[in-house]
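A short write-up of the structure that comes next.
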Amino acid sequence: MNIELFIRKNIRHLKPYSCARDEFQGIASVHLDANESPYNPNFNRYPDPLQRTLKEKIAEIKNVRPAQIMTANGSDEAIDLVFRIFCEPREDNVVAMEPTYGMYKVAADINDVEYRPVLLEENFQLNASKLLTTTDKHTKAVFLCSPNNPSGNLMNHEEIRAIIQNFNGIVVIDEAYVDFSTEQTWLKELDNYTNLIVLHTFSKAWGLASLRCGLAFASEEIIALFNKVKYPYNVNRLTQNQTLDELNYGDRKNTWVEMILTEREPLAEALKSLPVVEKIYKSDANFLLVKVRDADKTYRFLTEKGIIVRNRNKIPLCNNCLRITVGTPDENHALINALKDFSNCLNK
């Protein structure tokens, strides 16, 4: 696929901002080029705008090339850049499955791009034919989330492949929760599909949500476009250094994932035993989508007990559903006890 055909004309001809750290890369004893303060060492210098050292480590862990990585201020920055690079405002559109992560629509609205949601099947599964039928010549991107949020399930692998192979545009697969699933990542397909963008994050399995470090993986051509359009110093030095340090403790991340997965099934079983709970949906993520008798009342009761879950009652296909993150054993125990109290209140 010729990616050039899908780039907005103004982006194609954009001359990116050249910052001081782009123009000189190396070691120097005197820095007088960027109007930085000469005082307060370790914090007074601008960070590497392309996060080269961090990308080398990520490439080693993810088994990709550094040039296939864009480091972002959270995955939301990468999502926004897809619109800014490929979608002409008030002319183009994107298609996404529904329900799914809400920032795809927010980014579309911010960029004045039509957003076309395609309802998932009743089991929250993807129908490639239905989604592809919704596209037209002005559809520049398709957004897929697997495992999906808020349903928690993996999308059928072959349905995704059918979309990648048959859609003439950019396909974004958001794999924020892939560490909690048994499915292999789509990263291994990057060299096979030039129109593929895969999103990862350090916010979930790595426990680094406060650092705001997201990742986009794609062909070197698409990554070059991301680097062309993004703000120069989009990931600060503290985030780069702390993330790099955390990557040296991959075994710790794996232990955390295992602990969450160990808690997920017992939590689901405990929830099933409660009268207030009607259904637990299969999860390949670090959360459960739970259908209850009355989501609004249940949510309010839990908040009064100091327990915060996510009320998804107004989301399509999620009537009376709560999204519940798998916590520590103590947190999960507190949740179950609170729901037992709520069940008792309903029975009085």
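Considering only region 190-200, how many residues are part of a strand (DSSP E or B) and within 20 Å of GLY169 (Cα to Cα)? Even if it seems obvious, please write down each step before you answer.
Quick first cut of region 190-200, residues part of a strand (DSSP E or B) only: 196-200.
Right, trim to within 20 Å of GLY169 (Cα to Cα) and you get 196-199.
Residues that pass the stated criteria total 4.
Contact list please: Cβ distance under 7 Å, first residue in region 305-322 and of a type in the set (A, V, I, L, M), second residue in a loop (DSSP other than H, G, I, E, B), pairs at least six apart or on different chains.
Note: pairs meeting the criteria are ILE315/PRO99; ILE315/PRO150; LEU317/PRO99; LEU317/LEU120; LEU317/PHE124; LEU322/VAL309; LEU322/ARG312.
What's the number of the only condition in (1) free of Cβ contacts under 8 Å to residues at least 40 places away in the same chain; (2) hydroxyl-bearing (Ser, Thr, Tyr); (3) farther than 22 Å from PRO232 by Cβ that SER37 fails to meet?
If we test SER37 against (1) free of Cβ contacts under 8 Å to residues at least 40 places away in the same chain; (2) hydroxyl-bearing (Ser, Thr, Tyr); (3) farther than 22 Å from PRO232 by Cβ, just (3) comes out false.
Kindly evaluate PRO150 against the criterion of being in contact with a Leu (Cβ under 7 Å, 6 or more places away or on another chain), in the same structural domain as ILE69 (by TED's automatic domain parsing), assigned to a loop (DSSP other than H, G, I, E, B) and not hydrophobic (A, V, I, L, M, F, W, C).
Values: in contact with a Leu (Cβ under 7 Å, 6 or more places away or on another chain): yes; in the same structural domain as ILE69 (by TED's automatic domain parsing): yes; assigned to a loop (DSSP other than H, G, I, E, B): yes; not hydrophobic (A, V, I, L, M, F, W, C): yes.
The answer is yes for PRO150.
What tally of residues in region 267-285 results from selecting those that are without any contact (Cβ under 8 Å) to a residue 24 or more places away in the chain and either in a helix (DSSP H, G or I) or touching a Phe, Trp or Tyr at 6+ places or on another chain (Cβ under 6 Å) (or both)?
Residues in region 267-285 being without any contact (Cβ under 8 Å) to a residue 24 or more places away in the chain and either in a helix (DSSP H, G or I) or touching a Phe, Trp or Tyr at 6+ places or on another chain (Cβ under 6 Å) (or both): 3 in total.
Here's the yes/no breakdown for (1) of a type in the set (A, V, I, L, M); (2) at pLDDT 95 or above:
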{"site": "ALA141", "(1), (2)": "yes, yes"}
{"site": "SER151", "(1), (2)": "no, yes"}
{"site": "ILE173", "(1), (2)": "yes, yes"}
{"site": "THR182", "(1), (2)": "no, no"}
{"site": "LEU208", "(1), (2)": "yes, yes"}
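Looking at region 201-224 only, could you name the residues that are closer than 22 Å to VAL326 by Cα and either part of a helix (DSSP H, G or I) or among the aliphatic types (A, V, I, L, M) (or both)?
ALA205, LEU208, ALA209, SER210, LEU211
For the subset of region 323-347 comprising residues that are out of contact with any Asp or Glu (no Cβ under 7 Å at 6 or more places or on another chain) and over 20 Å from GLU278 (Cβ atoms), which member is surrounded by the fewest Cβ atoms within 10 Å (Cβ to Cβ)?
Kept after step one, since they are out of contact with any Asp or Glu (no Cβ under 7 Å at 6 or more places or on another chain), are these residues of region 323-347: 323-325, 327-328, 330-331, 333-347.
Among the residues that remain, those that are also over 20 Å from GLU278 (Cβ atoms) are: 327-328, 330-331, 333-334.
Working: GLY327: 17, THR328: 11, ASP330: 8, GLU331: 14, HIS333: 13, ALA334: 16.
Applying the filter and picking the extreme gives ASP330.
Among the residues of region 297-313, which ones are among the aliphatic types (A, V, I, L, M) and closer than 16 Å to LEU346 by Cα?
Here is the first cut: in region 297-313, the ones among the aliphatic types (A, V, I, L, M) are 302, 307-309.
Across region 297-313, the qualifying residue is only LEU302.
With the structure loaded, tell me whether LYS282 is in the same structural domain as GLY74 (by TED's automatic domain parsing) and under 22 Å from the mean Cα position of the chain (by Cα) or whether it fails that test. Break it down into steps so the answer makes sense when it comes.
Values: in the same structural domain as GLY74 (by TED's automatic domain parsing): no; under 22 Å from the mean Cα position of the chain (by Cα): yes.
No; evaluated as a whole, the condition is false for this residue.
Residues to consider are GLU4, GLU60, GLU56; find the one that is touching a helix residue (DSSP H, G or I) at 6+ places or on another chain (Cβ under 9 Å), within 25 Å of TYR193 (Cα to Cα) and surrounded by fewer than 10 Cβ atoms within 10 Å (Cβ to Cβ).
Values: GLU60 fails: surrounded by fewer than 10 Cβ atoms within 10 Å (Cβ to Cβ); GLU56 fails: surrounded by fewer than 10 Cβ atoms within 10 Å (Cβ to Cβ).
One residue alone meets the criteria, GLU4.
Looking only at region 208-224, how many residues end up being closer than 18 Å to ASN195 by Cβ and surrounded by fewer than 17 Cβ atoms within 10 Å (Cβ to Cβ)?
Within region 208-224, residues that are closer than 18 Å to ASN195 by Cβ and surrounded by fewer than 17 Cβ atoms within 10 Å (Cβ to Cβ) number 3.
So if I check each of ASN227, ASN241, which one is at pLDDT 95 or above, in a helix (DSSP H, G or I), assigned by TED's automatic domain parsing to the domain that holds ARG12 and surrounded by fewer than 16 Cβ atoms within 10 Å (Cβ to Cβ)?
On the way: ASN227 fails: surrounded by fewer than 16 Cβ atoms within 10 Å (Cβ to Cβ).
Only one candidate passes the filter, namely ASN241.
Answer yes if at least one residue in region 178-192 is surrounded by 21 or more Cβ atoms within 10 Å (Cβ to Cβ) and among the hydroxyl-bearing types (Ser, Thr, Tyr), and no otherwise.
No, region 178-192 contains no residue that is surrounded by 21 or more Cβ atoms within 10 Å (Cβ to Cβ) and among the hydroxyl-bearing types (Ser, Thr, Tyr).
What's the number of the only condition in (1) modelled with pLDDT of 95 or more; (2) in a helix (DSSP H, G or I); (3) among the aliphatic types (A, V, I, L, M) that ILE307 fails to meet?
(2)
Would you please name the residue that is farthest from TRP256 (Cα to Cα), looking only at residues in region 310-348 that are in a strand (DSSP E or B) and polar (S, T, N, Q)?
Taking region 310-348 first, the residues in a strand (DSSP E or B) are 310-311, 321-325.
Still in the running and polar (S, T, N, Q): 311, 325.
Details: ASN311: 26, THR325: 14 Å.
Filtering first and then ranking leaves ASN311.
The values are calculated or read from the model by the stated rules, or taken from the named source; none is laboratory data. Note that the structure is predicted; figures quoted are calculated from it, not measured. Note: ideal-geometry Cβ built from the backbone for every residue, glycine included; neighbour counts use all protein chains shown.
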